[in-house]
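Q: Below is a structure I'd like to ask you about.
The values are calculated or read from the model by the stated rules, or taken from the named source; none is laboratory data. Since this is a predicted model, take the numbers as computed values, not measurements. Glycine also receives a Cβ, built like all others from the backbone with ideal geometry; neighbour counts cover every protein chain displayed. Quick note on the areas: whole protein, heavy atoms, side chains included, nothing else; ligands and nucleic acids left out. Shrake-Rupley method; radii C 1.70, N 1.55, O 1.52, S 1.80 Å.
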Amino acid sequence: MVGRVPNFCVALIMSATAALAQEREWSWGTSETEAYLVFGVPESEDVGISFWCTQGSGEVQVFIADANVKLAADTDTTIEFTAGDKKFTVPAHTMANELDATTSAEGAIPAADPVFPVLQAADRFAVSVADESQTFPSAGQDFANLTEACRKP
């Protein structure tokens, strides 16, 4: 399912409101068929990173909106997660981000992958695509519920 922006992201963008002076935060939720965990400004197009799945699919998609301005769209790359001294690499693909004139990256991770308990336990984690890195706080995230919803029954 790489390359498909989930319905909830489209809804967030379409219902965008002024996000002045608001801070990014973690939002966890489900629909009838999907589960998602997003770090961004609520009800805005300001999303740093998002994770989602079709419930019970066994796979979690990860989307980094502003992955790297130097990468071309439609290119294979990797997303590297770093939490403390632990590193995890995920194959990914880039796409144009027309909202920010940059390049986004999307990959897929098995729901049972050991990266999720590490991210759950960390106080923050870094995400790198090529030579561009971003750090996200872990306070308020809910990888445990996300992976539970995404695991195959």
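Q: Out of the residues in the range 117-153 that are in a strand (DSSP E or B) and charged (D, E, K, R), which is surrounded by the fewest Cβ atoms within 10 Å (Cβ to Cβ)?
A: Among residues in the range 117-153 that are in a strand (DSSP E or B) and charged (D, E, K, R), the one surrounded by the fewest Cβ atoms within 10 Å (Cβ to Cβ) is Arg124.
Q: Go through the range 24-57 residue by residue and tally those that are part of a loop (DSSP other than H, G, I, E, B) and free of Cβ contacts under 8 Å to residues at least 40 places away in the same chain.
A: Summing the residues that are part of a loop (DSSP other than H, G, I, E, B) and free of Cβ contacts under 8 Å to residues at least 40 places away in the same chain in the range 24-57 gives 9.
Q: When the range 1-49 is examined, which residues are found to be among the charged types (D, E, K, R) and either at pLDDT 90 or above or open to solvent by 80 Å² or more (accessible area, probe 1.4 Å) (or both)?
A: If the condition is that a residue be among the charged types (D, E, K, R) and either at pLDDT 90 or above or open to solvent by 80 Å² or more (accessible area, probe 1.4 Å) (or both), then Glu23, Arg24, Glu25, Glu32, Glu34, Glu43, Glu45, Asp46 are the ones that fit.
Table: residues versus (1) touching a residue at least 24 places away in the same chain (Cβ under 8 Å); (2) in contact with a Pro (Cβ under 9 Å, 6 or more places away or on another chain); (3) over 29 Å from Ser44 (Cβ atoms).
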position	(1), (2), (3)
Thr77	yes, yes, no
Lys87	no, no, yes
Glu98	no, no, no
Thr102	yes, no, no
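Q: Can you tell me which residue among Ala96, Ala112, Ala67 is of a type in the set (A, V, I, L, M) and either under 20 Å from Ser27 (Cα atoms) or buried (at least 16 other Cβ atoms within 10 Å of the Cβ) (or both)?
A: Ala67
Q: Looking at Ile109, Ile79, which is the one that is modelled with pLDDT of 95 or more, touching a Gly at 6+ places or on another chain (Cβ under 6 Å) and not hydroxyl-bearing (Ser, Thr, Tyr)?
A: It is Ile79.
Q: Here is a further query. Can you tell me which residue within the range 61-116, out of those that are among the basic types (Lys, Arg) and part of a strand (DSSP E or B), is farthest from Gln134 (Cα to Cα)?
A: That would be Lys86.
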